[in-house]
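Working notes for the structure below.
Rule-based calculations on the coordinates, nothing more; no lab input. A quick note: this is a predicted structure, and the numbers were derived from the prediction, not measured. Glycine also receives a Cβ, built like all others from the backbone with ideal geometry; neighbour counts cover every protein chain displayed.
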Ligand code: ADP
Ligand code: MG
């Protein structure tokens, strides 16, 4: 069974159809990069997968749970799906440790000592062990985004969704965040990531999906996706981003 299976998903905002029959599966351990122009529905797709947005048609199944079934307890889904956004949204009045341990303590009722242990572990994974007692303001944007990744990892999710997490960073900080993502990927985490970093997508993803006008326009294995675009739309998109 696929970890995620979207069947013919339709999402509308009023009269605007933003996902127009999207079908996609994500296997356990798979890394899927989602690319496409602004407004093509990439963020909406991620938000639908973890139940942040209701859908108007189709079906989304995560780990055997029908996400769009009104009877489904979405908290159970969201506990198993981590999502990291462009803006890292750390709590400025909490230390790095407290930012990371908040969800495990509140949602999973993890004991404080064990929560601190988890914080140590996930901070080591993102290379920020020494920042455990720091406040977010004292960190660079790249370090804050790495803490946001650590915070997500602390819940030990089955799936991680990353939505353009390097887009707001100064160029010199992008590399360190991509390196952390690559490390998380290497450890076998299932990931769907929206990215403009085509080199990264090619190197790290197993599969690349190009969205256009709310549809999956083209998809394929990362190693040949960028070399032979089949559609004019992908060709022109790649022409614009690869310049
Ligand atoms: P992408 O991430 O590919 O840039 P989005 O999924 O953010 O695209 O947006 C796709 C379309 O959905 C856009 O036309 C956007 O204006 C619209 N949209 C996204 N979120 C909302 C919302 N909360 N309310 C109304 N329209 C929205
Ligand atoms: Mg987006």
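See the values below:
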{"item": "Difference of contour (0.36 nm per residue) and Cα-Cα distance, residue 1 to residue 120", "result": "39.5 nm"}
{"item": "Acute angle (nearest 10 degrees) that the helix 112-125 long axis makes with the longest principal axis of the chain, alpha-carbon atoms", "result": "50"}
{"item": "Simple spin-label estimate for residue 140 and residue 206 in nanometres, 7 Å along Cα-Cβ", "result": "3.3"}
{"item": "For the range 77-128 and the range 150-173, distance of Cα centres in Å", "result": "12"}
{"item": "Simple label model, 7 Å out from Cα along Cβ direction - residue 89 to residue 111, nm", "result": "3.1"}
{"item": "Cα-derived Rg over Rh, computed across the chain with Rh taken as Kirkwood radius", "result": "0.97"}
{"item": "Residue 228-residue 16 pseudo-label distance in nm [points 7 Å out on the Cα-to-Cβ vector]", "result": "3.7"}
{"item": "Ordering of 154-160, 25-31, 53-59 by packing [mean C-beta count within 10 Å, highest first]", "result": "154-160, 25-31, 53-59"}
{"item": "Using a Förster distance of 22 Å, the FRET efficiency for residue 241-residue 183 (Cβ separation, nearest 0.05)", "result": "0.35"}
{"item": "Residue among 214, 36, 127 with the largest mean-square fluctuation in a Gaussian network model of the chain, springs linking Cα atoms under 10 Å", "result": "127"}
{"item": "Choice from 71, 179, 11 with maximal GNM fluctuation in the chain (Cα, 10 Å cutoff)", "result": "71"}
{"item": "Alpha-carbon Rg with Dmax, taken over the range 43-181, Å", "result": "15.7, 47"}
{"item": "Between helix 96-107 and the chain: long-axis angle, C-alpha atoms, 0 to 90°, nearest 10", "result": "70"}
{"item": "Crossing angle, helix 141-153 versus the chain [Cα axis fit, 0-90 degrees, rounded to tens]", "result": "90"}
{"item": "Added length on full extension, which subtracts the Cα-Cα distance from 0.36 nm per residue, residue 168 to residue 66", "result": "33.4 nm"}
